[in-house]
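The structure follows.
The values are calculated or read from the model by the stated rules, or taken from the named source; none is laboratory data. Just so we're clear, the structure is a prediction, and the values are computed from it rather than from any experiment. A quick note on method: Cβ atoms are made from the backbone with ideal geometry, for glycine too, and the neighbour counts reach across all protein chains shown.
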Amino acid sequence: MARVVKSAGERPRIVVTTDVNGTTTPHNTFAELVRVDGLFDEMETLMQRYTSGRCSFSAVLPKMRHMAAGVDRSRLELYAHSMPMYTGVPEIFEELTKSENVDSKVALSTTGFAGLMALVNKLRHGSLLSVAASPVFVHLLSQRERSCLIREITDEQEKVMVIDDLVNSHRPHSRLLFHIGDTMGDFLAIEHAAELGGIGICFNPNEALKTRIRDLSSELRIRICEIAFAADEEPNYAVVGDIIKEKVWERLRAEI
């Protein structure tokens with residue numbers, strides 16, 4: 001985060017929860033992990049069912065878990081090392097977690113597999129993030145790798161609980177609460193962040209999420225930011241960082 005002039009007192013406290021599939025990475029990580037087993041298309045279809053709002057994540061999780069049964073530690077670790085990220089993702093996480101100006105609590109809050117997310121956190125983010133994810137592949141982790149796991153995600157509603165957990169423990173300042181997501185799997189968390197006075201960020205949202213957001217009250221819609229990209233444009237996560245920084249500056253200006 002850029003250095004700013006603060007009023008006297010503690011650093012502003014921030015809570016940021018972010019989805020992973022389609023939000024910080026262009027991959028469907030579920031499908032990529034089982035590509036070598038010939039199950040990519042089937043896993044992709046399952047993901048599209050719940051991200052479009054046609055069913056809940058809990059309805060497809062047992063099938064996903066069964067399809068991923070052949071994934072071992074070596075495959076999981078190899079993919080965790082190589083998983084692509086959108087432009088700006090590492091830089092924004094680095095700024096948030098190491099900033100001298102704000103006290104940030106950042107969590108990957110995703111229906112993604114916890115074993116993969118924990119390794120991505122360790123190998124790519126230096127274990128600076130918390131992880132809430134579906135409890136698949138946890139048995140492949142060491143105890144130290146599991147230490148970042150804060151909640152199981154078996155249904156979209158549990159992303160709301162992650163927000164409440166972090167708000168209760170970290171006590172962010174007014175308006176400095178954010179949830180970032182791209183599909184209907186994130187709708188409840190985006191709505192909840194807005195209801196609590198924070199900001200919901202729809203990052204490159206699918207049509208189902210756009211439609212559901214439009215149906216919300218005007219009071220909630222003004223607390224939701226939509227970041228859209230053209231079909232031939234690579235999504236840039238740095239825009240998320242710009243929104244967060246501007247909200248921090250707004251609060252600091254109000255204090256001076």
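Of the numbered conditions (1) part of a loop (DSSP other than H, G, I, E, B); (2) among the small types (Gly, Ala, Ser); (3) over 26 Å from ILE190 (Cα atoms); (4) touching a helix residue (DSSP H, G or I) at 6+ places or on another chain (Cβ under 8 Å), ALA69 satisfies every one except a single condition; which is it?
Unmet condition: (4).
Of all residues in segment 214-243, which are more than 18 Å from the chain's Cα centre (by Cα) and either among the hydrophobic types (A, V, I, L, M, F, W, C) or part of a strand (DSSP E or B) (or both)?
LEU216, LEU220, ILE222, PHE229, ALA230, ALA231
Among the listed residues THR97, THR29, identify the single one that is crowded, with 21+ Cβ neighbours inside 10 Å, over 16 Å from ASN206 (Cβ atoms) and under 20 Å from the mean Cα position of the chain (by Cα).
Sole residue among the options that is crowded, with 21+ Cβ neighbours inside 10 Å, over 16 Å from ASN206 (Cβ atoms) and under 20 Å from the mean Cα position of the chain (by Cα): THR29.
Further, regarding this structure: I'd like to know if segment 179-201 contains one or more residues that are among the charged types (D, E, K, R) and in contact with a helix residue (DSSP H, G or I) (Cβ under 6 Å, 6 or more places away or on another chain). First the steps, then the outcome.
Pass one, segment 179-201, residues among the charged types (D, E, K, R): 182, 186, 191, 195.
Okay, now just the ones that are also in contact with a helix residue (DSSP H, G or I) (Cβ under 6 Å, 6 or more places away or on another chain), so none.
The answer is no, given that none of the residues of segment 179-201 is among the charged types (D, E, K, R) and in contact with a helix residue (DSSP H, G or I) (Cβ under 6 Å, 6 or more places away or on another chain).
Here's something else I'd like to know. Can you find a residue that is under 16 Å from ASP19 (Cβ atoms), in contact with a helix residue (DSSP H, G or I) (Cβ under 8 Å, 6 or more places away or on another chain), at pLDDT 95 or above and not aromatic (Phe, Trp, Tyr) anywhere in segment 43-50? Break it down stepwise before answering.
To start, the set of residues in segment 43-50 that are under 16 Å from ASP19 (Cβ atoms) comprises 47-48, 50.
Next, only the ones that are in contact with a helix residue (DSSP H, G or I) (Cβ under 8 Å, 6 or more places away or on another chain) stay: 47, 50.
Next cut, at pLDDT 95 or above only: 47, 50.
If we keep only those that are not aromatic (Phe, Trp, Tyr) as well, we get 47.
Yes - at least one qualifying residue is present in segment 43-50.
Now, a different point. Within the set of pairs 6 or more residues apart or between chains, which connect a residue that is free of Cβ contacts under 8 Å to residues at least 40 places away in the same chain inside segment 68-95 to a residue that is assigned to a helix (DSSP H, G or I) and surrounded by fewer than 16 Cβ atoms within 10 Å (Cβ to Cβ) with Cβ atoms less than 6 Å apart?
GLY70/ASP37
Considering SER174, SER169, which residue is at pLDDT 95 or above and surrounded by fewer than 17 Cβ atoms within 10 Å (Cβ to Cβ)?
Working: SER174 fails: at pLDDT 95 or above.
Residue meeting the stated conditions: SER169.
ALA59 passes all but one of (1) under 18 Å from the mean Cα position of the chain (by Cα); (2) surrounded by 13 or more Cβ atoms within 10 Å (Cβ to Cβ); (3) under 20 Å from THR183 (Cβ atoms); (4) of a type outside the set (Ser, Thr, Tyr); which number fails?
(1)
Quick grid of which residues meet (1) under 17 Å from ALA132 (Cα atoms); (2) free of Cβ contacts under 8 Å to residues at least 60 places away in the same chain:
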{"position": "VAL20", "(1), (2)": "yes, no"}
{"position": "ARG35", "(1), (2)": "no, yes"}
{"position": "LEU39", "(1), (2)": "no, yes"}
{"position": "MET43", "(1), (2)": "no, yes"}
{"position": "THR51", "(1), (2)": "no, no"}
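Examine segment 80-88 for a residue that is crowded, with 19+ Cβ neighbours inside 10 Å, within 30 Å of VAL248 (Cα to Cα) and among the aliphatic types (A, V, I, L, M), and state whether such a residue exists.
Within segment 80-88, not a single residue is crowded, with 19+ Cβ neighbours inside 10 Å, within 30 Å of VAL248 (Cα to Cα) and among the aliphatic types (A, V, I, L, M).
Could you check how many residues of segment 190-222 are touching a residue at least 60 places away in the same chain (Cβ under 8 Å) and on the phi > 0 side of the Ramachandran plot?
Total satisfying the criteria: 1.
Can you name the number of the only condition in (1) part of a helix (DSSP H, G or I); (2) under 20 Å from GLU91 (Cα atoms); (3) touching an Asp or Glu at 6+ places or on another chain (Cβ under 9 Å); (4) not hydrophobic (A, V, I, L, M, F, W, C) that HIS179 fails?
The one condition HIS179 does not meet is (1).
Taking segment 125-149 as the search range and keeping residues that are crowded, with 18+ Cβ neighbours inside 10 Å and in a helix (DSSP H, G or I), which one is modelled with the highest pLDDT?
Looking at residues that are crowded, with 18+ Cβ neighbours inside 10 Å and in a helix (DSSP H, G or I), I get LEU140.
State yes or no: is GLU152 more than 26 Å from ILE243 (Cα to Cα), surrounded by fewer than 24 Cβ atoms within 10 Å (Cβ to Cβ) and not aliphatic (A, V, I, L, M)?
Yes.
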